[in-house]
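To start, the structure itself, in C-alpha cells.
Every read-out reported here was derived from the displayed coordinates using simple, explicitly stated rules and does not represent laboratory data. Quick caveat, the model's predicted, so the values are computed rather than measured. For neighbour counting, all protein chains shown are included, and Cβ atoms are generated from backbone atoms with ideal geometry for every residue, glycine included.
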Amino acid sequence: MRVQAGTEEKGDVLVVIEPAKKKEIVIKSKVQVMYGEAIKNTVKEMTKNLKKVKVEISDKGALEWVLRARMEAAMRKYRGEKE
C-alpha cells in the first residue's frame, strides 16, 4: 500500500510512504544544501516506530511544521487510521 500527503506546490511538501524490505528515506529538496539534514532528522524522529518502509520527501520549501503535519497525515493513512 502506497500513501501520500501534501502537494508539490511552492511552500509545501509531498510525503510518500510505502512498504519496503528495510527502512529507507529519500529526500528531494530545493533547499537540500541548507536544510537537508534537518529534514532527514525530522523524518527519522517521526518514523522511529516504522521499520520496513520507504519514505520519499519532495520538498518545495516547506516550513518544519508543514513537514510534520504532512508526515503525520501520511503515517496515519499508512496505519489505516480514519481521519
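Laid out as a table, the results:
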{"read-out": "Helix 64-79 axis, angle to the chain major axis (alpha carbon atoms, nearest 10°)", "value": "20 degrees"}
{"read-out": "Environment charge of G11, counting only residues whose C-beta is closer than 15 Å and scoring Lys/Arg +1, Asp/Glu -1", "value": "0"}
{"read-out": "Longest exposed-site-free window of the chain, the sites being trypsin sites (Lys or Arg not before Pro) in a DSSP loop that have at most 13 other C-beta atoms within 10 Å", "value": "53-81"}
{"read-out": "Charge dipole (debye, nearest 20) of the chain; +1 at Cβ of Lys and Arg, -1 at Cβ of Asp and Glu", "value": "460 debye"}
{"read-out": "Dipole-positive endmost among A69, A38, L50 within the stretch 3-79 (Cβ charges, Cα centre)", "value": "L50"}
{"read-out": "Residues with amide H under 5 Å from that of S29, placed H, sequence gap 5 or more", "value": "D59"}
{"read-out": "Calculated [θ] (222 nm, deg cm²/dmol) that DSSP helices of n ≥ 4 give over the chain, each run adding -39,500 (n - 2.57)", "value": "-12500 deg cm²/dmol"}
{"read-out": "Karplus (6.51, -1.76, 1.60) ³J(HN,Hα), θ = phi - 60°, over the stretch 8-16, in Hz, Gly and Pro reported as x", "value": "9, 7, 3, x, 10, 9, 9, 10, 10"}
{"read-out": "DSSP-assigned coil residues among GluC sites (Glu not before Pro) in the stretch 1-54, each with at most 10 further Cβ atoms within 10 Å", "value": "none"}
{"read-out": "Under 15 Å from the Cα of K52 - aspartates and glutamates, other chains or at least 8 residues apart", "value": "E18, E24"}
{"read-out": "Sequence-distant residues sharing a close amide H with A62 (under 5 Å, placed H)", "value": "G11, D12"}
